[in-house]
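For reference, the structure discussed in these notes is given below.
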C-alpha cells in the first residue's frame with residue numbers, strides 16, 4: 001500500500017512540477033512579448049513647450065524651442081525640429097528622451113524630404129549620464145524617407161537623437177524601447193522554485209505521516 005501511495009505521490013508531484021514550469025515559461029513569454037513599447041506620435045498633441053511627456057517617457061527639444069508634430073516623409077505624424085533661438089541662431093533638430101526605468105534597447109526613425117545632406121544619430125546614456133553607445137547614418141541629398149537607428153546596450157536611462165551636421169529640419173518617429181529583462185523575469189522563477197520547494201516539503205511530510 002505504501003509503495004502504491006508513494007508512486008501516486010511521485011506522479012502527482014511530477015504533474016505539479018510540469019504545471020509550475022509551464023506557468024513560468026508562459027509568464028516569461030508574455031513578459032517578453034509585452035516588454036517592447038513604441039511611441040508613434042499618432043495621437044500626440046503639440047505641448048506648446050520644449051517638453052513632451054508620453055507615459056513614462058519625457059522628450060525634450062534641445063535649445064529650448066517648442067516641440068512640433070507634423071506629417072513625416074512616411075505620411076505619419078512625427079516630431080519635427082527646426083527654427084531659431086531667441087538670439088536668431090539656427091539650431092539643428094535634436095531631442096533627448098528620458099525613461100522612468102532602465103532600458104535594454106532603443107530605436108528611432110529619423111528622416112527628411114531630401115533637400116540637403118543630413119547626418120542623423122542616436123546616442124544612449126546611463127543613469128550617471130555617461131555615454132554608453134552611439135550610431136549614426138548619412139542621408140544623401142535627394143533622400144526622401146525615414147531610416148531606423150538601433151542601439152542595444154544594457155542600462156539605458158536616456159537617449160539623444162536627431163541631426164548633427166547642420167541647422168535645419170529633421171523628422172523623428174516610432175521611438176521603440178525595451179526594458180532590461182532580467183529583473184522582471186527573476187521573480188517568476190523565484191516563485192516557481194519556491195512553490196516546488198513547498199510541494200517537496202509537503203510530500204515528504206505526508207509520506208512520513210503515512211509510514
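The values are calculated or read from the model by the stated rules, or taken from the named source; none is laboratory data. Note that the structure is predicted; figures quoted are calculated from it, not measured. Please note: Cβ atoms are built from the backbone with ideal geometry, for glycine as well, and neighbour counts cover all protein chains shown.
Candidates 108, 132: the one that is more than 18 Å from residue 172 (Cα to Cα) and surrounded by 14 or more Cβ atoms within 10 Å (Cβ to Cβ) is 132. Looking only at segment 88-116, count how many residues are at pLDDT below 90, over 24 Å from residue 76 (Cα atoms) and touching a strand residue (DSSP E or B) at 6+ places or on another chain (Cβ under 9 Å). Qualifying residue count, segment 88-116: 1. Within segment 187-207, is even one residue within 30 Å of residue 95 (Cα to Cα) and at pLDDT below 95? Taking every residue of segment 187-207 in turn, none turns out to be within 30 Å of residue 95 (Cα to Cα) and at pLDDT below 95. Residues in segment 122-161 that are touching a residue at least 60 places away in the same chain (Cβ under 8 Å) and within 23 Å of residue 58 (Cα to Cα): 146, 158, 159, 160, 161.
Based on what the data block shows, is residue 119 part of a strand (DSSP E or B), over 21 Å from residue 36 (Cβ atoms), in contact with a strand residue (DSSP E or B) (Cβ under 9 Å, 6 or more places away or on another chain) and touching a residue at least 40 places away in the same chain (Cβ under 8 Å)? Yes: the conditions hold for residue 119. Selection of segment 63-87 for residues being modelled with pLDDT under 85 and assigned to a loop (DSSP other than H, G, I, E, B) yields 63, 64, 65, 66, 82, 83, 85, 86, 87.
Within segment 31-43, is even one residue modelled with pLDDT under 95, farther than 28 Å from residue 137 by Cβ and surrounded by 14 or more Cβ atoms within 10 Å (Cβ to Cβ)? Yes, segment 31-43 has at least one match.
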